[in-house]
Amino acid sequence: MNLFRKKDVGELIAESQGSGLRRCLSATGLVMLGIGAIVGTGIFVVTGQAAAQYAGPALTISFVFSAIGCVLAALCYAEFASMIPVSGSVYSYSYATIGEFMAWFIGWDLILEYVFAVSSVAVGWSGYVCNLLAGWGLDLPANITQATLNYFPDSGWAFSGSIINFPAFFIVALVSALLMNGIKESSWVNGFIVVIKVSVILLFIGFGISYIDTSNYVPYIPENTGEFGNYGWSGIMRAAAVVFYAYLGFDALSTAAQEVRNPQKDMPKGILISLLICALLYVGVTAVLTGVVNYTELNVDAPIALAIDKAGEGLNWLSPFIKLGAIAGISSVILVMMLGQSRIYYAIAKDGMLPKVFSKVNARKGTPQNATIFACIVSGLIAGLFPLQVLVEMVSIGTLMAFTIVCISIIVLRHTRPDLHRPFRVPWVPTIPILGAVICLLQMFSLPLGTWLRLIIWMLIGFVIYFLYGKRHSLLNK
């Protein structure tokens with residue numbers, strides 16, 4: 001029964017009061033952090049690959065379907081974040097509702113999500129930086145700009161001949177240094193970057209519309225090749241599961257709840273508003289992108305840059321702005337994902353299930369510096385060693401699992417703790433949470449078998465760590 005021991009919600013909130021983390025984020029700051037986290041590699045990189053490999057121009061349908069699932073999950077996140085405004089996101093919510101073992105399980109899943117999110121976004125950043133430098137006549141050597149390993153569905157893993165993707169490792173280290181300087185300073189930098197990248201996206205949509213070739217929309221839903229997930233409606237579903245990664249970010253806001261001035265009111269606003277704004281931007285960019293460039297040509301690391309080049313002289317002036325905007329925008333995603341990752345380490349370590357060194361907060365900066373340094377090392381190495389496609393699919397399955405558990409936990413807590421104060425309440429329970437969980441599960445089952453196998457291996461490693469270390473060192477055990 002020790003596997004299902006729970007932390008009291010009142011104790012969770014009381015612990016957060018003397019944590020050393022500083023409450024300095026407003027609702028506007030949260031929305032900016034949300035947009036900063038969501039709009040990045042998903043729109044600047046994954047859109048092209050998902051259109052080329054799975055859905056074709058119908059990727060717009062995939063984005064809408066994913067957005068519906070996200071909104072349903074976001075409502076559940078908003079209730080939890082207003083009710084239990086502490087660091088740790090779903091990990092902390094699960095500890096209070098389902099019990100320790102499931103809390104560890106979802107915490108380990110969140111580590112997977114954020115580690116691979118930072119890594120994949122860093123790889124996308126590297127692609128855009130190399131593209132921009134090449135346009136200026138500065139070609140970096142291939143052996144320091146490509147992943148050390150390649151993955152081929154037919155033959156498996158192979159060495160690429162590259163030493164490491166150095167630009168990807170570099171940006172992770174740079175952002176980590178900024179985060180260690182303080183949450184307030186990081187929020188200012190993020191806000192500045194968000195203004196730049198949203199302006200660039202609106203420029204691309206506004207000017208790109210006139211360069212759309214409607215023949216690129218035919219067929220709008222390419223015929224299935226006979227294999228599940230390769231075009232057709234199954235391809236739309238698989239693309240929805242992959243681009244679900246593009247919406248990753250709003251859940252990272254909940255990891256910063258302990259650093260928000262008025263979390264009960266501001267967390268729901270930050271989560272829902274940032275998600276809705278980004279959904280509109282995604283659909284607009286996808287429609288223009290697949291209209292300017294035929295979907296068969298979009299399997300590249302920098303698809304928007306390719307679209308600018310395809311449009312010719314009319315949009316050439318926009319090319320450097322798009323590339324700089326993409327680089328800046330992707331940097332802000334890394335910043336928020338690193339923020340989320342370090343706060344997960346901090347929350348789990350504070351409960352004793354990871355070494356206490358990760359729960360220490362720098363008294364002067366108010367940040368968990370040890371957790372941030374560890375997150376930097378792990379994410380930087382993975383970004384340098386592994387290719388983008390594998391990283392994206394791992395992020396998607398980890399995120400979908402987290403969202404499913406959040407939706408289910410809302411129903412559980414409504415029955416077990418109806419007395420809790422809920423500043424924000426999900427409407428139409430259990431209908432909304434059930435629909436959110438079903439949509440997330442449908443997208444999970446659309447992902448390749450190899451992704452599932454890697455998830456299972458990751459979870460098995462987590463189980464071993466829990467039973468050898470976490471269970472015995474848990475504060476509830478003591």
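Would you calculate a helix-derived [θ] at 222 nm for the chain, using -39,500 (n - 2.57) for each DSSP H run of n ≥ 4 and dividing by the full residue count, to the nearest 500? Don't skip to the end; give the middle numbers.
Details: 18 runs with 303 residues, N = 478.
So the calculated ellipticity at 222 nm is -21000 deg cm²/dmol.
Scoring 138-147, 164-173, 247-256 by mean Cβ neighbours within 10 Å over their residues and listing the highest first yields 247-256, 164-173, 138-147. Note that the chain, at 25 °C in a medium of 0.890 mPa s, gets a Stokes-Einstein diffusion coefficient of 110 µm²/s from its Kirkwood radius over C-alpha pairs. Between the residues Asn131, Ser87, Gly249, the greatest Cα displacement towards the positive end of the dipole of the chain, with unit charges on the Cβ of Lys, Arg, Asp and Glu, is found for Ser87. The separation of segment 207-278 from segment 87-161, counted between C-alpha centres, amounts to 18 Å.
Other residues lying with their Cβ under 14 Å from the Cβ of Pro427 contribute a combined charge of +2, Lys and Arg counting +1, Asp and Glu -1.
Which log10 I(q)/I(0) values, to two decimals, does segment 110-198 give at q = 0.11, 0.13, 0.15 Å⁻¹ under the Debye formula with one point per Cα? Log10 I(q)/I(0), no solvent term: -0.42, -0.58, -0.75. Modelled this way, with points 7 Å down the Cα-to-C-beta line, the labels at Ile277 and Val300 are 3.0 nm from one another. Legend: ranking of residues Ser210, Ser162 from fewest to most surrounding C-beta atoms inside 10 Å; resulting order Ser210, Ser162. Each residue of segment 19-92 gets 126 Å³ once the volume of the Cα convex hull is shared out per residue. When the C-alpha to C-alpha distance is required to be over 20 Å, the pairs from Lys6/Lys360; Lys7/Lys350; Lys265/Lys365; Lys7/Lys356; Lys184/Lys356; Lys6/Lys265 that qualify are Lys6/Lys360; Lys265/Lys365; Lys184/Lys356; Lys6/Lys265. In this Cβ point-charge picture (+1 for Lys and Arg, -1 for Asp and Glu), segment 2-473 has a dipole of about 1680 debye about its Cα centre. Amide H contacts of Leu25: Val260, Arg261, each under 5 Å away and 5 or more positions distant or on a separate chain (H built 1.01 Å from N in the peptide plane; Pro and chain starts excluded). Once the mean of 1/r is taken over each pair of separate Cα atoms and inverted, segment 76-232 shows a Kirkwood hydrodynamic radius of 20.5 Å.
Cα gyration tensor of segment 339-379, axes a ≥ b ≥ c as square roots of the eigenvalues: rounded (a/c below 1.5), prolate (a/b > b/c) or oblate? Show your work: numbers first, answer last.
Values: a/c = 1.68, a/b = 1.03, b/c = 1.63.
Note, shape of segment 339-379 comes out oblate.
Counting only whole DSSP H helices of the chain, the ones at least 27 Å long by C-alpha along their axis and with mean Kyte-Doolittle hydropathy no lower than 0.5 are 59-83, 100-135, 183-208, 263-292, 319-350, 388-416.
Please sort 222-232, 400-410 by packing, taking for each peptide the average over its residues of neighbouring beta carbons within 10 angstrom, highest first. Write out the running numbers ahead of the final one.
Working: 222-232: 15.4, 400-410: 25.4.
Listed from highest to lowest mean packing, they are 400-410, 222-232.
A short reminder: the numbers here are calculations on the coordinates, not readings from a lab. What you see is a predicted model, and the numbers here were worked out from it, not measured in a lab. Glycine gets a Cβ as well: all are built from the backbone with ideal geometry, and neighbour counts include every protein chain shown.
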